[in-house]
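FYI, it's all coordinate maths here, none of it is from the lab. Here the structure is a predicted model, which means the values were calculated and not measured. Ideal geometry is used to build each Cβ from the backbone, glycine not excepted, and the neighbour counts take in all protein chains shown.
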């Protein structure tokens, strides 16, 4: 399935879960194992895609000094950090 299709099916599943919660008056959404698993699969897919893009950029930097300099200039302001929090640009 395309990522956009997976997003639609997951959104509808969440909507159905929300309707079920309001009917049961539990006050919280019950997320099914299928939704959790689908999110894990998408996360793994996006993680692998991210890694492949980084590898491609690194390979390009080794052959392209201009790109290498651009990346290193950006890196100087960021530094060698590890983060568990991801923000969207």
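From the residues in the range 60-89 that are touching a helix residue (DSSP H, G or I) at 6+ places or on another chain (Cβ under 7 Å) and without any contact (Cβ under 8 Å) to a residue 12 or more places away in the chain, which one is nearest to residue 3 (Cα to Cα)?
60
With the condition kept exactly as written, say whether any residue in the range 53-67 is under 14 Å from the mean Cα position of the chain (by Cα) and surrounded by fewer than 11 Cβ atoms within 10 Å (Cβ to Cβ).
Within the range 53-67, one or more residues are under 14 Å from the mean Cα position of the chain (by Cα) and surrounded by fewer than 11 Cβ atoms within 10 Å (Cβ to Cβ).
With respect to residue 57, determine if the residue is in contact with a helix residue (DSSP H, G or I) (Cβ under 8 Å, 6 or more places away or on another chain) and either closer than 28 Å to residue 1 by Cα or not in a helix (DSSP H, G or I) (or both).
yes
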